[in-house]
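Sharing a structure with you now.
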Amino acid sequence: MVPWTLPFERARAQPSGRKSEPRGIATSEHCIESVTLTGGTGATEDRPVLARVLSAALLGVEAVLVRVEVDVASGLPAFTTVGLPDSAVRESRERVRTAIRNAGFAFPSDRITVNLAPADLRKEGASFDLPIALGILAATGPLKPRHEPFAVVGELALDGQIQPVRGTLAVTLACRKRGIGTLLVPAGNRAEAAAVSGVRAIGASTLGEAVGLLNGDVDEQPWPAPPTAETATDEIDFLDVRGQLHAKRALEIAAAGAHNVLLLGPPGGGKTMLARRLTTILPSLTADEAIEVSTIWSVAGLLPSGGALVRSRPFRAPHHTISGPGLVGGGGPPHAGEVTLAHLGVLFLDELPEFPQHVLESLRQPLEDGRVTIARASGVSDFPARFQLVGAANPCRRGCASLDLCVCTAAERSRYLGRLSRPLLDRIDLHVELPALSHAELGVLPGEASAAVRQRVQTARERQRARLRGLKIRVNAELSARQVRRFCSVPREAERLLAAAMTRLGLSARGHDRVLKVARTIADLEGAETISVEHCAEALQYRGLDRRWRA
Ligand SMILES: [Zn+2]
């Protein structure tokens, strides 16, 4: 805790004409983690007043603490904001001025300077309204000094109401990391902030209430228990899909080992229906994973109102007209793309060959590294993007019912699927062909429910976790080339089978490793410790399509 006296004394010691210069104030760098909120009786000729409030700016999907310094000095009425504010932050002075008056406080007719430090970090959005307003109220008197560290975020409406802001969860995590025990947030974001243990979240709905709560004049109203697990997405189930046993088996393998899948089949064959149901057979999110996903969604402003956390795995299905930055993230300041919103969930790209080539190629980094790095002049942002890719494609541009019925020429077919580059296909472990359903198949009884499949997937994942204990990875799909040799040894006959397949299918070395990973997952689903010839043979079935269709 750094007492407020240092900058106060500095300012007082300076000649009266220079006391409000931000340069003189910004010297107290050591205060960034502590909160020094100070009030006085108001600015007079010989008592300039300065207050500091902690807030936070968003950088990628994380929050960085920002010190909001407010100096109220005598002089011609003016209100200046410095420290790389964007236009929303600069406009905040109009909201702050009106909100303070409408909340029943006096607005000083003095010279007000607001500095947002560190100055080299770009501040965007309206979440600095509330800390700036509280800083002014601290400098002019209504808000009493506090001595324990706390931080504030919130947007102000003109009537003094506090509006919810994006990224509250990220701010709360930043507070916990930096040892800030209390966080004042808009009432609409309170449930979100309360989900993080170790930080006391105070929710306020008006500026007046915020001042009352901080001064200890008002008791915090009891909040309803945070919303519990959402089950809204459980309306879809594997039971709904008739037939397609081969594809369902492939999705079960994909779920068990977190493998990427390409579904290849005529229109109307149920590709989208199957892809949507992949999330229902994946293991549920752990508590930590739910926070991780919710933080991303909170920063993107996608959390439902009321602040319920994301409890089910995300499913994102962007249209093929999406831009590169829309898919992998970008822009300035950088924002998360669909791959990041699909983090720990499923990214479904329907009509994969229709996506522009450069957009598909931009998927290679996130598929390989599980993250996206965006470099800008203002700095580097890192976005998590560990998702499972499900691509779907018609076998040909006309969408013929099957290979036998296809009226397209071989050249046309090869041109169409040829838009999927070899490096991209190599990153997709399972290529699954979905035949058009015959009338007889449509009559078959529905198969298993998602819950039963998920149980097997869960067991297979536990086997993998036990085997990979001590390593940074948890699933077979993430095995490196060296780890494949260590964990996926196969009997001699299987070795011969694979060698023959490499020649026949033109498998690359990476494709060969993919087969072994899938074989490992099939063995895990069966509860087998060693990979057998049968496991390899089944895994090979999921590699043949590109060769057959593109020949
Ligand atoms: Zn065709």
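What's the longest bit of the chain with no exposed GluC sites (Glu not before Pro), using DSSP loop states and at most 10 other Cβ atoms within 10 Å as the test?
Numbers: sites that count: E45, E529.
Here the longest run is 46-528.
Going by amide H atoms built from the backbone, whose H comes under 5 Å of the H on F387, apart from near neighbours?
HN-HN under 5 Å from F387: L344.
Can you give the FRET efficiency for Q458 and S323, using 1/(1 + (r/R0)^6), R0 = 51 Å, r = Cβ-Cβ distance, to the nearest 0.05?
Numbers: r = 37 Å, r/R0 = 0.73.
Taking R0 as 51 Å, the efficiency between Q458 and S323 is 0.85.
Any idea which of S294, Q541, I236 is furthest toward the positive side of the dipole for the chain, if Lys and Arg beta-carbons carry +1 and Asp and Glu beta-carbons -1?
Q541
Just to confirm the number: angle between the C-alpha axis of helix 168-177 and the first principal axis of the chain, 0 to 90 degrees, nearest 10?
Value to nearest ten degrees: 80.
Moving on. Along the charge dipole of the chain, which of G203, T280, V53 sits closest to the positive end, that is, farthest toward it, with unit charges on the beta carbon of Lys, Arg, Asp and Glu (+1, +1, -1, -1)?
The listed residue farthest towards the positive side: T280.
Sort Y542, Y416 so the one with the fewest other Cβ atoms within 10 Å of its own Cβ comes first.
Ordered by Cβ neighbours within 10 Å, fewest first: Y416, Y542.
Could you give the dipole magnitude of region 201-336 about its Cα centre, charging the beta-carbon of Lys and Arg +1 and that of Asp and Glu -1, in debye to the nearest 20?
Value, rounded to 20: 1060 debye.
Related question: When the chain is fully extended, how far beyond the present Cα-Cα distance does E235 get from R496, taking 0.36 nm per residue of separation? Walk me through the numbers before you get to the answer.
On the way: separation 261, 0.36 × 261 = 93.96 nm, distance 4.57 nm.
Stretched fully, the E235-R496 segment lengthens by 89.4 nm.
Please rank C536, C408, C488, fewest neighbouring Cβ atoms within 10 Å first, as an exposure proxy.
By the 10 Å Cβ count, ascending: C408, C488, C536.
In the chain, with Lys and Arg counted as +1 and Asp and Glu as -1 at Cβ, which of these residues, L303, G265, V484, has the Cα nearest the positive end of the dipole, that is, farthest along it?
Most positive-ward Cα: V484.
Okay, next question. Give the lysines reachable from K517 as a straight Cα distance under 26 Å; neighbours fewer than 8 places away on the same chain don't count.
Correct list for K517: K248, K271, K472.
Shape of region 232-462 from its Cα gyration tensor (a ≥ b ≥ c, root eigenvalues): rounded if a/c is under 1.5, otherwise prolate when a/b > b/c, or oblate?
Judged from the Cα gyration tensor, region 232-462 comes out oblate (a/c at least 1.5, b/c at or above a/b).
For helix 450-467, report the angle its Cα long axis makes with the longest principal axis of the Cα atoms of the chain; keep it between 0 and 90° and round to the nearest 10°.
Roughly 80 degrees, rounded to the nearest 10.
Given the DSSP H assignment, sum -39500 (n - 2.57) over each helix run of at least 4 residues in the chain and divide by its residue total; what's the result at 222 nm in deg cm²/dmol, nearest 500?
-11000 deg cm²/dmol
Could you size up the charge dipole of the chain around its Cα centre, putting +1 on the beta carbon of Lys and Arg and -1 on that of Asp and Glu, and report it in debye to the nearest 20?
Using only the charged Cβ atoms, the result is roughly 1540 debye.
Under the rule of at least 5 residues apart or a separate chain, name every residue whose amide H is placed under 5 Å from the amide H of T182.
Residues meeting the amide H criterion: A151, R200.
While we're looking at this one, here's another question. Please return the longest stretch of the chain lacking exposed loop sites, where trypsin sites (Lys or Arg not before Pro) count only if DSSP places them in a loop and at most 11 other Cβ atoms lie within 10 Å.
No qualifying site falls inside 1-468, the longest such stretch.
If you put +1 on each Lys and Arg Cβ and -1 on each Asp and Glu Cβ, how big is the dipole of region 232-462 around its Cα centre, in Debye rounded to 20?
Numbers: 23 positive and 24 negative charges, 63 e Å.
Rounded to the nearest 20 debye, it is 300 debye.
Continuing with the same structure: Per-residue HN-Hα couplings for region 194-204, Karplus 6.51 cos²θ - 1.76 cosθ + 1.60 at θ = phi - 60°, whole Hz, x for Gly and Pro?
With the stated coefficients, region 194-204 comes to 6, 6, 9, 7, x, 10, 7, 9, 10, x, 10 Hz.
Quick note: the coordinates plus some simple rules give every number you see, no bench work behind them. The structure presented is a predicted model; accordingly, all values stated were derived computationally and were not measured. Please note: Cβ atoms are built from the backbone with ideal geometry, for glycine as well, and neighbour counts cover all protein chains shown.
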